Amino acid sequence: MCRICSLLLLLALPAGAQVFSGPARVVDGDTLEIAGVKVRLFGVDAPEARQECTTAEGRLWACGRVATERLRQMAVGQVQCQGVDTDRYGRTVARCRVAGRDLAADLVAEGAAFAYARYGQDYVALEAQARRQRRGLWAGGAERPDVVRAAARPDSTPPGACQIKGNISANGHLYHLPGSATWAKTRINTDKGERWFCTAAEAEAAGWRRAGH
């Protein structure tokens, strides 16, 4: 039987009753696609695709790409998913396994993703253990992806008190302070990875330099 024909997709059922399986294409560190259906892993939040984190020595590393690659390594062969809900983007939120192993649990245990406690407590204990053992994201510094997303929303309205503009130009990653000569004319393009910061220390910890210095 062909691979596509072997897929079991019961998408007419309510999200919580959906059971489906098949080969998966990895979209990012917490999202899969199975036979054209986008699946968001339940209970976890992986770093954004372009997100960078810092090592214990303060060096930047591409934690978003690493999370994506780690899920790609795990999601090999038949991925079996049990639907839980549908998110606001229309994706099926599901618990997914390969050969009996919970993909979300393994990501959190390795420090490749955060437990998404806002939506479930399933993996909070695993995150605490990974933090204690300084695995993956916990070996250095990493912002939670929901904070990164909030800071990266387009554009001219700062997210709360976070008014420092992180801009990427030919001069590198520069941050612009409110009241500076360049702040008002600097625009944030989130598609390029630009973002807002709450403090200068936060910007510098993420590897950005103050504009004009």
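Using the Cβ-Cβ distance between LYS185 and ARG144 with R0 = 25 Å, the FRET efficiency computed as 1/(1 + (r/R0)^6) comes to roughly 0.25. Against the main long axis of the alpha-carbon atoms of the chain, helix 63-74 sits at an angle near 10°. Computed with the Debye formula from one identical point scatterer per Cα of segment 29-157, without solvent, the log10 of I(q)/I(0) at q = 0.10, 0.11, 0.13, 0.23 Å⁻¹ comes to -0.31, -0.37, -0.52, -1.47. For the residues LYS192, LYS185, LYS165, LYS38, a 1.4 Å probe over the protein chains yields an accessible-area ranking, largest first, of LYS185, LYS192, LYS38, LYS165. Between TYR89 and ALA117, what FRET efficiency comes out of the Förster formula 1/(1 + (r/R0)^6) with R0 = 30 Å and r the beta carbon distance, rounded to 0.05? Using R0 = 30 Å, I get an efficiency of 0.90. Counting charges near PHE42 (Lys, Arg +1; Asp, Glu -1) among other residues having Cβ under 13 Å from its Cβ returns a value of -1. Of all aspartates and glutamates in the structure, those lying under 14 Å Cα to Cα from LYS185, and not within fewer than 8 positions of it along the same chain, are ASP155.
Based on DSSP H segments of at least four residues, each scored -39500 (n - 2.57), the chain has a per-residue ellipticity at 222 nm of -5000 deg cm²/dmol.
Sites listed here are trypsin sites (Lys or Arg not before Pro) in segment 84-141 whose DSSP assignment is loop and whose Cβ has at most 14 other Cβ atoms within 10 Å: ARG88, ARG118, ARG134.
Applying both filters, DSSP loop and at most 15 other Cβ atoms within 10 Å, to the GluC sites (Glu not before Pro) of segment 44-152 gives GLU57.
The values are calculated or read from the model by the stated rules, or taken from the named source; none is laboratory data. Owing to the predicted nature of the structure, the values given are computational and were not obtained by experimental measurement. Glycine gets a Cβ as well: all are built from the backbone with ideal geometry, and neighbour counts include every protein chain shown. We work out accessible area using only protein heavy atoms, side chains counted, and drop any ligands, DNA or RNA first. Shrake-Rupley method; radii C 1.70, N 1.55, O 1.52, S 1.80 Å.
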